Amino acid sequence: SQTIHQWPATLVQPVGSPLSLECTVEGTSNPNLYWYRQAAGRGLQLLFYSVGIGQISSEVPQNLSASRPQDRQFILSSKKLLLSDSGFYLCAWSEIVGGTQYFGPGTRLLVL
Amino acid sequence: AQTVTQSQPEMSVQEAETVTLSCTYDTSESDYYLFWYKQPPSRQMILVIRQEAYKQQNATENRFSVNFQKAAKSFSLKISDSQLGDAAMYFCAYLLYNQGGKLIFGQGTELSVKP
């Protein structure tokens, strides 16, 4: 069966520091991968998605970036964190475009 | 632009009773997918149910069922025989097939279950 992992689970970082959040999927090949952010416990907003290695589509212009160095690995990064980057970050995968998305456990990021 | 609206920020139900959560959406597409996700206090998003727009039959998963009204662009979730473990935030979502499968989420409905 397929599983999706995210780490770290919780992160507290100072403003201006770099960021690297990792997401990996097991048990499937060539998944579609997604990064969402949830602020204040409400609706999710798509940040990036990827349909293959090295293919990244950005939805919201900001100081975050994403990379997909391996088939089942998706990384969310920032060179300098802002206070507004605080939130809950969720990674998701699907088998095909239009397929059901399954979410990881998420990472709580607090920028101080 | 596609939007999803959940007009009930909070709902409450007595254990073993039935509750319906509302969701409306706006789209010009004829073929799309709709979902309900549950987010318990752990905050992991858990799939509850999926509906394909081309199917007239309403989706059902055990105690969870939907009332899909395509013409009215309405997609409500009915939870029967509510259990304490059903207490969570529930999100309605619309899938944009031609944008990489992007999900558009509503703002959520927080459901509490009273014993």
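The values are calculated or read from the model by the stated rules, or taken from the named source; none is laboratory data. On a predicted model such as this, the values are computed, not experimentally measured, just so you know. Cβ: placed from backbone, ideal geometry, glycine included. Neighbour counts: every protein chain shown. Side chains included, ligands, DNA and RNA excluded: accessible areas come from the protein's heavy atoms. Shrake-Rupley method; radii C 1.70, N 1.55, O 1.52, S 1.80 Å.
Among the conditions (1) open to solvent by 50 Å² or more (accessible area, probe 1.4 Å); (2) within 8 Å of chain B (Cβ to nearest Cβ); (3) over 17 Å from B:Y97 (Cα atoms), the only one that A:G43 does not satisfy is (1).
Elements of the type strands (runs of 3 or more DSSP E) sitting completely within the range A:15-112 and holding at least 2 residues that are farther than 30 Å from B:Q8 by Cβ: these cover A:19-26, A:32-38, A:44-52, A:55-58, A:64-70, A:73-78.
Which count do you get for residues in the range A:103-112 that are more than 7 Å from every other protein chain (Cβ to nearest Cβ) and either without any contact (Cβ under 8 Å) to a residue 24 or more places away in the chain or open to solvent by 40 Å² or more (accessible area, probe 1.4 Å) (or both)? I'd like the intermediate steps shown before the answer.
Taking the range A:103-112 as the starting set, the residues that turn out to be more than 7 Å from every other protein chain (Cβ to nearest Cβ) are A:104, A:107-112.
If we keep only those that are either without any contact (Cβ under 8 Å) to a residue 24 or more places away in the chain or open to solvent by 40 Å² or more (accessible area, probe 1.4 Å) (or both) as well, we get A:108, A:110, A:112.
Qualifying residue count, the range A:103-112: 3.
Counting the residues of the range A:12-38 that are among the aliphatic types (A, V, I, L, M) and within 11 Å of chain B (Cβ to nearest Cβ) gives 1.
So that you can scan it fast, the table gives a plain yes or no per residue for (1) over 16 Å from B:R43 (Cβ atoms); (2) at pLDDT 95 or above:
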position	(1), (2)
A:S58	yes, no
A:A66	yes, yes
A:S77	yes, yes
A:K80	yes, yes
A:D85	yes, no
A:W93	yes, yes
A:V97	yes, no
A:G106	no, yes
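Among the residues of the range A:46-57, those that are more than 8 Å from chain B (Cβ to nearest Cβ) and not polar (S, T, N, Q) comprise A:L47, A:F48, A:G52, A:I53, A:G54, A:I56.
Here A:G52 meets each of (1) buried (at least 16 other Cβ atoms within 10 Å of the Cβ); (2) modelled with pLDDT of 90 or more with one exception, condition (1).
Restricting attention to the range A:58-98 and to residues that are touching a residue at least 60 places away in the same chain (Cβ under 8 Å) and surrounded by fewer than 16 Cβ atoms within 10 Å (Cβ to Cβ), the residue that is nearest to the other protein chains (Cβ to nearest Cβ) turns out to be A:I96. The single condition from (1) more than 14 Å from the chain's Cα centre (by Cα); (2) closer than 24 Å to A:A92 by Cα that B:M45 fails is (1).
Take B:V113 and decide whether it is within 11 Å of another protein chain (Cβ to nearest Cβ) and open to solvent by 10 Å² or more (accessible area, probe 1.4 Å). Give the steps one after another, and end with the answer.
Working: within 11 Å of another protein chain (Cβ to nearest Cβ): no; open to solvent by 10 Å² or more (accessible area, probe 1.4 Å): yes.
Taking the combined requirement at face value, the residue does not satisfy it.
Counting only strands (runs of 3 or more DSSP E) that sit completely within the range B:8-101, those holding 1 or more residues that are open to solvent by 70 Å² or more (accessible area, probe 1.4 Å) and among the acidic types (D, E) correspond to B:10-14, B:24-26. Against the list (1) in contact (Cβ under 8 Å) with a residue 60 or more places away in the chain; (2) out of contact with any Pro (no Cβ under 6 Å at 6 or more places or on another chain), the condition B:A53 fails is (1). Among the residues that make up the range B:45-55, is at least one of them away from chain A (no Cβ under 12 Å), touching a strand residue (DSSP E or B) at 6+ places or on another chain (Cβ under 7 Å) and under 12 Å from B:Y94 (Cα atoms)? No; the residues of the range B:45-55 include none that is away from chain A (no Cβ under 12 Å), touching a strand residue (DSSP E or B) at 6+ places or on another chain (Cβ under 7 Å) and under 12 Å from B:Y94 (Cα atoms).
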